[in-house]
Amino acid sequence: GAALRAAELSCDAVLKATQVDGIYSADPKKFPNAKRYETLTSGEAIEKNLAVMDTAAFALARENAIPIVVFALKEQGSITAAICGEGRFTLVTP
């Protein structure tokens, strides 16, 4: 997966594009009151069993000190914004 490849290549971060603008407590398309997280640790993502990535990917990123940036792919300019640390996203720290 992406976290394994990032570890192999000694990347500074993993950028994870999704259908929504970050990681939520539940699917915001099904649950309008779902909470969007600004930041999480990999451990919190594992503990909360958040489905954006599998547990092994979060653990691998944590073990290799690689942050993960989760952002919406379909928003105009979202890739550039995520790379620059701008826009709406969730940052998952190791």
Inset, instruction - Could you pull the accessible area for residue 25 with a 1.4 Å probe, rounded to 10 Å²? - result: 60
Inset, instruction - Per DSSP H run of at least 4 residues, take -39500 (n - 2.57); add these up for the chain, divide by its residues and hand me the 222 nm value, nearest 500 deg cm²/dmol. - result: -7500 deg cm²/dmol
Inset, instruction - May I ask which residue of 39, 65, 93 lies farthest towards the positive end of the charge dipole of the chain, with charges of +1 (Lys, Arg) and -1 (Asp, Glu) on Cβ and the Cα centre as origin? - result: 39
Legend entry - Loop GluC sites (Glu not before Pro), the stretch 1-91, which have at most 16 other Cβ atoms in a 10 Å radius of their Cβ (DSSP): 38, 75, 86
Inset, instruction - Taking all protein chains together and a probe of 1.4 Å, list 90, 41 from the most accessible to the least accessible. - result: 41, 90
Legend entry - Alpha carbon convex hull of the chain, volume per residue in cubic angstrom: 88
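The values are calculated or read from the model by the stated rules, or taken from the named source; none is laboratory data. Keep in mind that what you see is a predicted model, and the values were worked out from it rather than measured. Methodologically, a virtual Cβ is constructed for each residue, glycine included, from the backbone with ideal geometry; neighbour enumeration extends over all protein chains shown. We work out accessible area using only protein heavy atoms, side chains counted, and drop any ligands, DNA or RNA first. Shrake-Rupley method; radii C 1.70, N 1.55, O 1.52, S 1.80 Å.
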